Every structure is written in structure tokens, then in C-alpha cells.
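Working notes, beginning with the structure itself.
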Amino acid sequence: MIGNYIKVAYRNVIKRKLYSIINTTGLALGIASFFIIALYIIDELSYDRYNTKAEKIYRICQIYDFGGVGENSASLPFPVAFTLKSDYPDMIDEVVRIFNYQSPRSLMVYEDKRFVEKGLFFADSTFFDVFDHEFVKGNPETALDKNYSVVITESMADKYFGNEDPIGKTIKFEETYSLFVTGIIKDVPGHSHFHFDFIASMTSVERVYGGRLPQTWVWNPCWTYIVLNKNVNPGQLEKMFPDFVNKYFYDAEKDNVTLYLQPLTDIHLKSRLDYEIEANSNIAYLYILGGIGIFLLIIASINFMNLSTATSSSRAKEIGMKKVVGAYRTQLICQFIGESIIMTLVALVIALIMVEITLPTFNNFTDKNIDLNILLEPTYLFSIIGLVLIIGILSGVYPSFYLSAISPISVLRGSTGKENGSAIARKVLVVLQFTISIMLIIGTVIIFKQLQFLQKTDPGFNKENIIVIPVSRTPIVGKYDVFKGELMANPSIVSVTAMDDVFGSAHNTHEFRPEGFPDNKWQFYPALVVQYDFIKTFGLEILAGRDYNEKNQTDPITGIIINEAMVKHVGWCSNEEAIGKIFRSLQGREKVIGVINDFNATSLHKSSGPFVINMKESRSSIAWFLNYVAIRITPGAHDDLHGFLEEKWNEFVENRPFEYFFLDEELKKLYKEENNLSTLSLIFTIMVLFIAALGLLGLSSYMAEKRTKEIGIRKVMGASGFRIISLLTIEFLKLIIIANIIAWPLAYFIINDWLHHFAYQTPVSWYIFLISGLATMGMALIITSVKAYTASRTNPADTLKYE
Amino acid sequence: MIKTVNLTKIFRTDEVETTALNKVTFEVKKGEFVAIMGPSGCGKSTLLNILGLLDNPSNGDYYFSDHEVSKFNERHRAKLRKENIGFVFQNFNLIDELTVFENIELPLIYLGMSSGKRKMRVGEVMDQMQISHRKKHFPLQLSGGQQQRVAVARAIVAEPRLILADEPTGNLDSTHGEEVMTLIENLNQAGTTVIIVTHSQRDAEYAQRIVQLFDGQIITENIKKRFI
């Protein structure tokens, strides 16, 4: 019997090539897109899970909360890790700290090879006990035991040593001390929340801090991970944290400090803290993509159902006769569901080929390394089989019940049965399909608009035409004034300043005590440590008071500039009132000399808040805080300046590659995830529309064919071609209008929900809805008109004779 | 073999009620060859559908092999049908996607017969109908006469006790029509009960008894030949 089913199915496919191609291609495209999205999601969900202890590894994070201002930090002070381990040895199996001087760039030198590397980190010797990394050479147990030992990745081994054996060789770090290579590991997997090229022993850092690691409980530059004992749950350890904070953190801050645990496997998708090692992804985007993936499958399945029921009249005779000769309805239902499963299998094979072909491009675009072979893992393999069965059964179940209900008598009479019922169901499915399509169009447009908005919104300072040069640990730090002077000699350079972090992208928090706050407590406020001309270079606006003035010698020691939000936060009535108020810092008594406008010191995911602009006076402080030089240039001057800047760099810095970036380009990277999301949703929305269009093409062709006689008669009665086209298209247009009416409010609610993730939101304009509606109607009109036009051109004499 | 008592069939739409059969009472004995005649719309096909267990009457009783079957559900009727009744239609109703062999084989599949036995039985019937040389052809590649022979082959392959034929020659020229009627007559002579619905007096002549239907009622029962 099964042989008979397959034969009939095959011959039906061949007989109705157009519909079969539409059906299978649509389904294959739907499945292929779903797989690509699924692979992407699987990859995103797999972050850090390659670690055998992944389920027991937690990162300790720290909240500094000073009346809503402060930080939620991914990193901790140096002493926390091992103090915690020694206080709670039964609860914690391992701890490890990771540190990079809060400076992502290090000059690494081996013989004549000199590179500025962003992947150097220092870690405790327990690093490889916590995280799994495959050693190609060296012993993970001892690799980081000694001072100045470093483990490098295979790529770095190749980059620095080529064919030589790197073990025992030394790489010079910042031309200060030599690191001995003690191990080579495989490159860090793509799905790790933290990528490094070099891991050096933490003890190597001690010399810089006078022989031992910093003991302060304030400065928090260490990403700290623990492996919990298998019998302990995170809540149990977290209960100990208040006592721990109370015992060790300084009196001035302990009331405002909260420690908590963050599961390692949550970091990539759920963590957006201050001082993340790398920018993380966002689980909300996976939900959006997952939703699109499921919509794609639904739309493709709807095509299948629609075309199956629409073309059912051509199978009515088969069904009728099978019933006449004694087929039970259940047997027919099984036959049609079976056919549907077979078609789904065929579509699956085509889909897998499509995925294999497009995956490299997709990987390239998303900066991933996804392999189709993941799907061969038993879990996924069974899921795919399950998926085929579900799609096959779901797409087959309606047609099978509908078709198997055809009465043999009506077939013998020449009718195809319950056309009315199926026509209504088909209309419902078309409406559903287009509702989804319209929602996706609106969603994608808004995502794009929001991205544009984020990138174009005025952050409160002028980010255009600013070149930033990383200068930390270079001779420029010591000779900054001279360097600045030489730059300013170039007429294309408008102004020059320096800062400790990239303005608009990141910042630290520092301790202050504004006038009127308790004497014994520091407040931690977001702040940048800058050099003269900061306000001018970034085009900030002085609302009250004045800027730092080079002629005023005491400004760096006693002057501080705050923004308007800070004035409000402290509770001063006006900007003018703030001028002259005392603002204590670690430097001593400082006075507010200026109030500037509010601005976004990081991405627009967060709203702007109180901020302090400060200068340091001592040489050592300047050395520590002078990490980036920012240069405002005249528009269009970049090409001429590049050579000049490099020349100046080389005059001041020997043997270190010149690096620089444009501030506006750098700030765009803050929205990398939104950028990815918008492009992915665009691609898949186009896919959804294409599949829906394919379905509409199939359905409208079929309808036109079915109404051949009616069209013939109408033409005989004098209907014009235009009238015939309207007749055939208007029915579909009505459905699209209904779909719009349903989709608009749904899209509105969903989009608003998504936008609430942002502190700054693009307005949800009515015209986006209108355009999406018109676009879908236009598309439907074009597709349905194609076949309607052909139908309207047929000679009624032919069609009526045929009838 | 077949007996109907006051068989009534009423078709209802929203506004119209049509009585297709009005208290039809008649009997067909085992081995009989009966022709049902009458003008278009008189209820012939409706009667045949009910006799063929494709439809249930609105009222009245229908005894098939002494069992009252008029209230049987679809599944029960399907079982009875496939084990006892073969159908021949005016428009052949062959499945275009199946070959001659596969079309004839169909009833045996639903009877659950093994593949080997099916092959043998279909082979016998094709020989009997002289269509073996066309076994791999599709219906649309055959002439009308050949198609109807395939349809007859399909009707008899399961060796039914009753054959119902609805205008079996309606789409055939006279030569092919005669050929098909001879086939049916031969089957009857071999012991199969046959009921045909026809407009054609010539076809009706093959039957032993002609039942005249008019407006859903039997108006005459003309016993042509003595029932043997």
C-alpha cells in the first residue's frame, strides 16, 4: 500500500510541476532559513559550555550604588578572590582572577617582530583548572606557576615564531619585561565570552606594583571567577556576601557595595555590565530571530496546506474511487499525511543543500564559525526528524482531513465537494501568512530605524571629525604637552586633548564627596580624567562657569567640571548655584568651576546621568590616566593628516606601530548587535515575503485556472481585460487588507516592548505601518495580476469549447 | 440478495427540498441481471448509490444479504462494499496517475491481499479482459473502450457478488458499447448479480428485468426473461 502511496505522490508531483516546485521550494526555503537561524541560536546558546565545569563556574560581580549612580561592575578588587576562597574553602573549589591593566593594547616584541596586541591578559595559575583549554605543548598544571610565564595560542605561536618551537623563548612585554613561553594552546573557541591570545602569570604584575599585587578594596579591575563546590548552590554562597563585604570593604563604601554571582553560561547572552571583557550579545535578539524562524516555517507550511487543498479538485477522482473500492477514511488520511511527510523530506534535503551553500557567507557576515555538522549530533538529528514529522503532519493534516472527507458521490457527480469550506480556510491561512509578513516588515523597519536613530542621535557631544590615538604606556604620556604642541602646529588640527577612556564608549567611576554629603562616605560617580581642551574638542557646551584654563595653574588640582544631571543629583537648585561648590576627591578639596550639558558617556542603551570631568595634577596620575589622545580635525582633512600624524608618532614613539581610529566609527561598534540583528531580520523578512509571494503566486495561478470558464463567459458578456484582472485580484487584496488590520496593532505592541530595552527610542511613526501595508498590497497586486493578465488574454471561444 | 422497502431519499438545501426517491420497494435476487431505466433526474443514480452503499437513504429499509444496512456508518459500509460490490461508471473513473495494472490492483490493496496474490489475480483479470498488453499504460493513453474494460476489470477483480454499472456504455461508441455489455453479460452468466442504470434500450435488453423509474418511483417492473 505504501508503494502505491509513493507512486501516486510522485506522479502527482510530476503532473503539477508548477505547484510542486512552488510547494517544495517554499518549504525548502522556509526550512533552510529556519536551520540557519537555529544554527545561529545554537551557537549563541553554546557559549562557554565547552568548559567541563561550566555549570559550576560563576563570575563574581559588584554593584556600587550611590543613590542610583555608580556602577554594576563585571570586575572586582584584587583581594576579593583569594580572601573569599580562604574564608569559605568548603564552598569554593577554585578561584581565578583575570587582569589586563584596564588597557586593551600591549606592545609585544619577539626579535624583529613588534605588534600591538589586544589579547594579553594576566591570570592566576589556577586559570587552566577553571577553564578548559587544549594544550598543544606544555603542562596546564604548571604553565602559569612561575613569574613571567606566558601561555600563547597556536595563532600567536605561528605569528611570532613561525616554524620555531616557542617553548622557553621570550616575548618582551611593553619593552619592560620578558615573558617565557611555557605552553601553547589551541585558539580560544569562537563561542567563548572571552578571547585571548596570551595568558601570562598574574605574579608577573607584582613588580609593577612594588612587589605585590594591589591590596585596595576600591579599585576593581579583576574579572573574578570561581568554581563552586558541587554540593553548594550559588544562593548559599551569596548569603555569605553581606558579611564578607562588611568584614573587608572599607567603611566608607561597604553600605553601598553588593556582590553577586553570575553563571558563566549567562554571561554571553544576559550580561551587559560595566567593564565587560568583551561586548556581549543579547538574549532578546535570539527571541526575535527565533520568532522569525518559526514564522518562516509557519508561512512555508501554510503554502503547503493552501496549495494542497486548492489543487485538491484534481485529486478528487482518485479519492472518490479509492473510497468506492473500499478505502477507509483513516487510510486516506494516512496517505495524505504520508505524502506530506515525503514532500517535507524532499524539502529538507534541498534545504540542507541550501544551508551548506549559504553558511560560509552567513558565517562571514556574523563573524561566526558555525558548522552544519553540529546537526549530526544525536539531539539535533532527532530534533530534525521530529521537525520533519511535525511539519509533515501539521501541513498534511488539514489537507488530509479535507481531502479524505470528499464524498465519493459528489466525485461521481463531477463535483469536488466542500469547496466553500476549504476556500474559507484557505483565506484564513492567507490572512495569517500576510499578518505575519506585515508584522515582520514593520518590525524590521523599526529595528533599522532604531539603529539609525542610535547611530545618528546627538550624544550631547560632537563625535564627528575626531581622531583618537591610543597612547598608554608610550613615551607620549611623559611628553604629552610637547606632542600636543607639535600637533597644534598643523592648521588642519583644531584642538587636541587626552583622556583615560574613549569618550562616548566607556568610562570609570571615581570617588567624590560633593558638598552636603556625609564626611565619612565616598560617592562613586562616572568620571573621565582628561587634559586641557576636552570641552572644546568634543564640542560640549558650558552652561555655567568656565572650562579649564591653562593659564590658571591651580585648575588641575582644584577645579572640577560636572554636568547638569550631576547638579540635579546633588540637589543644587541651578547650574549657577553649583559653581564654586566643594567637590572632594582623592586629590583633596576641589571646586566646581563649570557645569556642562548632559551627554551619553556610553551607548544609548543607557540614559545619560550625572558625570564628572576631572584633571589630575601629579605626574604619576597623569601617566596612569593618559590613555588616549583625541584630535579634532577640520572636516575632510584626514587624508592629508594621516602622514603627518604617523610622522609625529614615530618621532615620539620608537618601534611601535602607529594605531588610530575615528571616534564616530568606534562608537558605531557599540551597536554591533543591533546592526547584526537588523541585517539578519532584513534578510529573513525578505525570505518570509518571498515565500509568502511564492504561495500567493501558486494560489492565484490556481484560482485563475479554476475560473477559466467564468472568465470566458464574462468576456463573452463584454467584460474588459481590466475588469477581469480586478475580478481576480480584488479577492486577494481584500485578504491583505484584513491582514493589515490584524497586523498593525500586534506589531505596535511587540515593537514598543522591544524599544523599551533602550533608554532612547525612535518614534514609532504611523507612516511605517501605512508603507508596510501598501508594500504588501502592491506585492499582492503585482503577483496576482501576472496570472490574471494571462487569464484575461485567453480567447473565450477556446476556454468555453474546452469546457 | 437485495431488498428495499419504502426507500426514500430527500436532498435538502437551505431553501429547496427535493425527493429523489419516493418509497421505492423492490428486490433483486442472487444472480439476477436488472436494468434500471428512466428519464434524467428520475433518481436512477441515487438508487444505485444507495444500493452500492455509497449513500444512506433518508427513510426506508435496505437489506443486503438479509442484513438491514441503511443505518450503517461509513466505515461499516466501506467494509461491506469492498468485500461485495464492484462498480462500473459511465466516465470510467480511472485514476489518471495509476497505470492499468495499478488501477485494477487498487481494490485488492484495500482488501489487504498480499502483493504476490494481487499480481496473480490482476494478471488473470487482465487476460480475461484482454488488456494485458496495456498493463503499463496510463488511462489517458487508452481508447474509451479500453478504459471501460479496465474499469470492468477493476470492478470484478475482487470477485464481488454484485456489480453496479451506471451508464457503462454512455461514453462509448456502439461497437465498444456492445463489447462492454457482452462482458457484463458474461459475468452475470458466471453467477454475479448485476444491476445497471441506463438510458439505452439496447443495453437494457441484456438484462432479465427492466425497472422503470419516474420521479423517484417505480412505475413498471418488466420481467423480460425468465430468471434461471
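Read-outs throughout are calculated quantities, based only on the coordinates presented, and are distinct from any laboratory measurement. This structure is a prediction, so every number in the text was calculated from the model and none was measured. Here the Cβ is made from the backbone with ideal geometry for all residues, glycine too, and neighbour counts use every protein chain on show.
Points worth noting:
- Interatomic Cα distance distribution for the stretch A:49-198, bins of 5 angstrom, percent: 2, 8, 16, 20, 19, 15, 10, 6, 3, 1, 0, 0
- The phi torsions of the stretch A:732-745, fed into the Karplus equation with coefficients 6.51, -1.76 and 1.60 and a -60° offset, translate into couplings of 6, 4, 4, 5, 5, 5, 4, 4, 4, 4, 6, 5, 4, x Hz, rounded to whole numbers, with Gly and Pro shown as x.
- Legend: mean number of C-beta atoms from other chains within 10 angstrom of residue C-beta atoms, peptide B:44-54, equals 2.
- Peptide B:94-101 has a mean of 5 when you count, residue by residue, the C-beta atoms of other protein chains within 10 Å of its C-beta.
- Computed label-point distance, nm, for sites residue B:56 and residue A:87 using a 7 Å Cα→Cβ extension: 8.1 nm
- Alpha-carbon Rg/Rh ratio, for the stretch B:68-122, with Rh computed the Kirkwood way: 1.03
- With semi-axes defined as the square roots of five times the eigenvalues of the C-alpha gyration tensor, the equivalent ellipsoid of the stretch A:67-114 measures 32, 20, 7 Å, largest first.
- Residue by residue, the stretch A:384-401 carries 3J(HN,Hα) couplings of 5, 4, x, 4, 4, 5, 5, 4, x, 5, 4, 6, x, 5, 5, x, 5, 5 Hz when phi is fed to the Karplus relation 6.51 cos²θ - 1.76 cosθ + 1.60 (θ = phi - 60°); x denotes Gly or Pro.
- For chain B, the spread of Cα positions along the three principal axes, ordered from largest to smallest, is 47, 40, 37 Å.
- Cα pair distances in the stretch B:1-54, grouped into 5 Å bins until the bin that holds the longest one, percent each: 5, 16, 26, 28, 14, 6, 3, 1, 0
- All C-alpha pair distances within the stretch A:742-791, sorted into 5 Å bins from zero, spread as 4, 17, 19, 16, 14, 10, 8, 6, 4, 2, 1 percent across the bins.
- Scanning residues 5 or more positions from residue A:117 or on other chains, those with amide H under 5 Å from its amide H are A:106, A:107, A:108, with H placed 1.01 Å from N in the peptide plane.
- Mean per-residue shielding of peptide B:77-83 is 4, counting Cβ atoms of other chains within 10 Å of each Cβ.
- Distant-in-sequence amide H partners of residue A:368 (H built 1.01 Å from N, under 5 Å): none
- Tilt relative to chain B, helix B:174-189 - C-alpha long axis, 0 to 90 degrees, to 10: 80 degrees
- At 0.692 mPa s and 37 °C, Stokes diffusion of the stretch A:490-532 via Kirkwood alpha-carbon radius, µm² per second: 256 µm²/s
- Under 12 Å, Cβ to Cβ, from residue B:84 - net charge with Lys/Arg +1 and Asp/Glu -1: +4
- Modelled spin labels at residue B:136 and residue A:167, positioned 7 Å past Cα toward Cβ, are 7.0 nm from each other.
- Cα-projected label distance for residue B:17 with residue A:568, points at 7 Å along beta-carbon direction, nm: 7.9 nm
- Both radii are taken from the alpha-carbon atoms of the stretch A:466-557; with Rh as the Kirkwood radius, Rg/Rh is 1.00.
- FRET efficiency, 1/(1 + (r/R0)^6) with R0 25 Å, evaluated for residue A:550 and residue A:619 via beta carbons: 0.90
- Chain A: calculated mean residue ellipticity at 222 nm from DSSP helix runs of at least 4, using -39500 (n - 2.57): -16500 deg cm²/dmol
- Gain on full extension, evaluated as 0.36 nm per residue between residue A:710 and residue A:345 minus their Cα-Cα distance, stands at 127.6 nm.
- Counting every C-alpha pair in the stretch A:632-680, the share spaced more than 13 angstrom apart comes to 69%.
- Overall Cα dimensions of the stretch A:171-226, principal axis frame, Å, largest first: 34, 27, 18
- If you wrap the stretch A:584-656 in the convex hull of its Cα atoms and look at it from every side, the mean projected area works out to 8.4 nm².
- Estimated FRET transfer efficiency when R0 is 41 angstrom, pair residue A:353-residue B:143 (beta carbons, to 0.05): 0.40
- Label point 7 Å beyond Cα of residue A:589 along Cβ direction - residues of the stretch A:525-556 with amide nitrogen under 17 Å: A:554-556
- Among the listed pairs A:709/A:734; A:270/A:616; A:322/B:23, a Cα-Cα separation exceeding 28 Å is found for A:270/A:616; A:322/B:23.
- Computed Rg/Rh of the stretch B:49-177, alpha carbon atoms with Kirkwood Rh: 1.00
- Per the Debye formula on identical point scatterers at the alpha carbon atoms of the stretch A:200-358, with no solvent, log10 I(q)/I(0) at q = 0.12 Å⁻¹ is -0.82.
- The listed peptides A:175-182, B:195-202, B:110-117, ordered by packing as a protection proxy, come out as B:195-202, A:175-182, B:110-117 (highest mean of other Cβ atoms within 10 Å first).
- Ordering of B:172-182, A:123-133 by packing [mean C-beta count within 10 Å, highest first]: A:123-133, B:172-182
- When the P(r) of the stretch A:1-128 is calculated, the portion above 25 Å amounts to 63% of the C-alpha pairs.
- Span per principal axis, largest first, for the Cα atoms of the protein assembly as shown (Å): 135, 66, 53
- Protection proxy ranking, highest mean first, for peptides A:637-644, A:36-43: A:36-43, A:637-644, where packing is the per-residue count of other beta-carbon atoms within 10 Å, averaged.
- q = 0.18, 0.24 Å⁻¹: log10 I(q)/I(0) that the Debye formula gives for the stretch A:186-255, counting C-alpha atoms only: -1.06, -1.12
- Under the criterion of Cα pairs below 8 Å and six or more residues apart, the relative contact order for chain B equals 29 percent.
- Antiparallel content of DSSP bridges confined to the protein assembly as shown, in %, to 5: 70 percent
- Euclidean distance between Cα centres, the stretch B:23-62 to the stretch A:533-561, Å: 107 Å
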